[in-house]
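Encoded as structure tokens, the structure appears first; notes follow it.
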Ligand SMILES: Nc1ncnc2c1ncn2[C@@H]1O[C@H](COP(=O)(O)OP(=O)(O)OP(=O)(O)O)[C@@H](O)[C@H]1O
Ligand SMILES: [Mg+2]
């Protein structure tokens, strides 16, 4: 084996037989370690009585699931609203940022960086504590969705911009040469292609939005997390309820990724044959 | 189609494109040096020259994809507008065919051809569609009309791109190395379409090193080197007995390959 192998080589080269053996060994050992650790945790839970029937039996009741379902609906609503808002605000920031007009361009950059840099919680507090003082009373879903959207908008703007930059410059030239004005070039040629490039990245942003809606409990909007908290206090069952909530969040985001893969396939520049 | 059309028979009085003392800089680089060129109606002018001599730049200044620093460019005697609706309107009358085809990747071949007439000229969709299909038939890709660009071969894409330009009924067409991104077996099918166009009287400015094309249809060969026009000649004379030393060297260098 040659020396002087960089990390880059190790990452991108096809591993040879010796390296493959090593990788297998390390994988087995670390999986074993993780398994042992999990078993240890489970044992701790068991010793604490977390597997007692009283912590799990209420999951057998229909009302529990109805309550969880209502929370799930709240999460879906808040996420959709926040997602759409983030897309709109992000689009505006991106258009500002790629504009040729300097002040607009600088404002777009500033807003993008600002919203990307500030933690979501600060925006939540701003809308929860400060905005009502200005005499503006937003419905509770907006108190969570708007700040979550603003917090994601800078991220979305950057994703959209990377898509716009990925469109080959010949597309713009061809559009100009058949007499399109810049606005039409953007709306009819550049942006429709850009969005196809970035669908997977946008869905990743949506996953972050879904997770951020868990701040709903702060503003008393009944989302999955808020309702989970209610269940916890009702049944004094911290672990089992949080575990269930975690599983549902993972499922939502798994579903989102599935949708993203389908969209990316369908939105590709080559249509499925026979469509 | 008779390829032996006598060019002097065409009504070649009207000047379509005229460049007067055009200068262009890319920063320090003097890309176009005192370019003077006249192209009359129905003329086919072939631009030839070594890599980096400014052929593409010259071509692209004519529809203002590149701006110029000084001099004048006139289309049918009118000064090329600086921007806005006027420039867009003028570009609509100048066809351009690119080395890399540049078909709109998210639109079917048919939509690629229809977009200009429908969205820019606001012509009725049905009428445009019919004409587009005829154009696609003329360039031999009508059977691919519903496919996306990426599903076509390079030669098919380039012929579709020519149809897209033709749909705008251009006064003049600019070709920037239309065959140099193609596999050898596809070059001829594109050249055939271009030869047919030339024989039908289309005014064309073509950057190409395809000597056979130049010999068959060009009225003039314009040889460029280092951003300047070094020689203007008939194709026959240019390829057999060039006047300038630079052209001689250039022809020797490409004949060696
Ligand atoms: N956008 C640009 N910015 C800076 N320099 C450029 C730009 N485009 C072209 N140039 C330079 O201008 C000169 C002329 O380029 P041009 O593309 O017109 O040459 P060409 O004759 O078309 O060459 P080729 O046969 O390689 O296509 C070259 O030196 C090139 O590097
Ligand atoms: Mg070139």
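Computed from the coordinates by the stated procedures, all read-outs in this text should not be read as laboratory data. What you see is a predicted model, and the numbers here were worked out from it, not measured in a lab. Glycine also receives a Cβ, built like all others from the backbone with ideal geometry; neighbour counts cover every protein chain displayed.
I need the calculated FRET efficiency for the pair residue A:88 and residue A:63, taking r as the beta carbon distance and R₀ as 30 Å, to the nearest 0.05. Mind showing how you got there, number by number?
Values: r = 38 Å, r/R0 = 1.26.
Computed FRET efficiency for residue A:88 and residue A:63 comes out at 0.20.
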*Sort B:30, B:21 so that the residue with the fewest other Cβ atoms within 10 Å of its own Cβ comes first and the one with the most comes last.*
B:21, B:30
*Put a dot 7 Å past each Cα toward the Cβ at residue B:134 and residue B:248; how far apart are the dots in nm?*
5.2
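What is the calculated FRET efficiency for residue B:15 to residue A:118, with r their C-beta to C-beta distance and R₀ = 60 Å, to the nearest 0.05?
Values: r = 62 Å, r/R0 = 1.03.
It comes out at approximately 0.45.
Going by the alpha-carbon gyration tensor, a ≥ b ≥ c the square roots of its eigenvalues, is chain A rounded (a/c under 1.5) or, if a/c is not under 1.5, prolate (a/b greater than b/c) versus oblate?
In terms of gyration-tensor shape, oblate.
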*Sticking with the crude label model, points 7 Å out along Cα→Cβ, report the distance from residue A:187 to residue A:39 in nm, one decimal please.*
6.5
_Fully extended contour minus Cα-Cα distance, from residue A:236 to residue A:51, at 0.36 nm per residue_ = 65.3 nm
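Taking 0.36 nm per residue of sequence separation and subtracting the Cα-Cα distance, how much length would be gained by fully extending the chain between residue A:126 and residue A:22, in nm to one decimal?
Numbers: separation 104, 0.36 × 104 = 37.44 nm, distance 5.22 nm.
Computed gain between residue A:126 and residue A:22 is 32.2 nm.
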_Fewest-first sequence of A:187, A:64 by Cβ atoms within 10 Å of each Cβ_ = A:187, A:64
*Over chain A, calculate the relative contact order: mean separation of alpha carbon pairs under 8 Å at least 6 apart, over the residue count, as a percent.*
22
*What FRET efficiency do you get for residue A:263 and residue B:29 if R0 is 51 Å and r is their Cβ-Cβ distance, rounded to the nearest 0.05?*
0.70
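Can you sort A:185, A:247, B:113 so the residue with the fewest Cβ neighbours within 10 Å comes first?
A:247, A:185, B:113
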_Compute the angle between helix B:154-166 and the longest alpha-carbon principal axis of chain B, please, reported from 0 to 90 degrees and rounded to the nearest 10._
90
*Among rounded, prolate and oblate, which fits segment B:82-134 when a ≥ b ≥ c are the square roots of the eigenvalues of its C-alpha gyration tensor, a/c under 1.5 means rounded, and a/b larger than b/c means prolate?*
oblate
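Sort segment B:42-122 into rounded, prolate or oblate with this rule: let a ≥ b ≥ c be the square roots of the eigenvalues of the Cα gyration tensor; rounded if a/c is under 1.5, and if a/c is not under 1.5, prolate when a/b is larger than b/c, oblate otherwise. Mind dumping the intermediate values first?
On the way: a/c = 2.04, a/b = 1.29, b/c = 1.59.
Oblate shape, in that a/c is at least 1.5 and b/c is the bigger or equal ratio.
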*Just grab the label-to-label distance for residue B:86 and residue A:29, each label 7 Å out from Cα along the Cβ direction, in nm (one decimal).*
7.6
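With N set to the number of residues, divide the alpha-carbon radius of gyration of the protein assembly as shown by 2.2 N^0.38 Å and report two decimals. Kindly include the intermediate steps, with their values, before the conclusion.
Numbers: Rg = 32.2 Å, N = 532, 2.2 N^0.38 = 23.9 Å.
In units of the 2.2 N^0.38 Å rule of thumb, it is 1.35.
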